[in-house]
1. In debye, nearest 20: dipole of the chain around its Cα centre with unit charges on the Cβ of K, R (+) and D, E (-)?
2. Which Cα, out of Thr151, Cys99, Val25, lies furthest along the positive dipole direction of the range 2-179 (beta carbon charges, K/R +1, D/E -1)?
3. Report the antiparallel proportion of the DSSP beta bridges in the chain as a percent, rounded to a multiple of 5.
4. Placing +1 on the Cβ of each Lys and Arg and -1 on the Cβ of each Asp and Glu in the range 2-179, which of Ala11, Thr78, Gly119 has its Cα farthest towards the positive end of the resulting dipole?
5. Rounded to the nearest 500, what is the chain's calculated 222 nm mean residue ellipticity when only DSSP H runs of at least 4 contribute -39500 (n - 2.57) each, over all residues?
Amino acid sequence: MLEQLRERCLACRACPLAETRTHVVFGSGDPGADIMFVGEAPGKNEDLTGEPFVGRAGQLLDRYLEAVGIPREKVYITNIIKCRPPQNRDPNPGEQEACIGYLREQFRIISPRIVVCLGRIAAQKMIDPNFRMTRQHGEMVKKGGVLFTATYHPAALLRNPAYKADTLQDFKRIAEAAGS
Ligand code: SF4
């Protein structure tokens, strides 16, 4: 089912980002994953390869996963938006609305126990429209039997290394929740 959804997504032209993308970045990882990471949108390297979180931000994400003992191949990683917004601008509400159905379907098929939002845009879409990262990162919210949490987007950590210690604590909490 996930493969059919992926094929549909790869052919999607439902919003103007289809005109400027190189590849659709559907998502990757274990379709039976307990933990699903949701970022904002593909960046340059992701657009070029069609894979999520492969650039510098992706390498940083890998380091956090490794630090808390979560194998990347055991999680599923995707984004709110599947095509790169030009110059990495924030995806606008129309683009988010056009694309969110794919994420909803991924969530339904994968059926994770824990959803980790990476960055404000994903957290506002999936946890709370007024989500404030500095105040609410690392909090676990249970909705419909699924734990939702959010931490800083790795790209934000590259710009603001001061958030790295908090992020490590958030990842430790995620690993604990996954092991319980
Ligand atoms: S961003 Fe989403 S809705 Fe827009 S073209 Fe890409 S896959 Fe389709």
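1. Using Cβ point charges on Lys, Arg, Asp and Glu, the chain gives about 300 debye.
2. Thr151
3. Taking every DSSP beta bridge within the chain, about 30 percent pair in antiparallel fashion.
4. Comparing the listed Cα positions along the dipole, Gly119 ranks first.
5. Details: 8 runs with 78 residues, N = 180.
Result for the chain, helices only: -12500 deg cm²/dmol.
Readers should treat all values here as calculations from the given coordinates under stated rules, not as data from a laboratory. Bear in mind the structure is a predicted one, so any value in this text is a computation, not a measurement. Cβ: placed from backbone, ideal geometry, glycine included. Neighbour counts: every protein chain shown.
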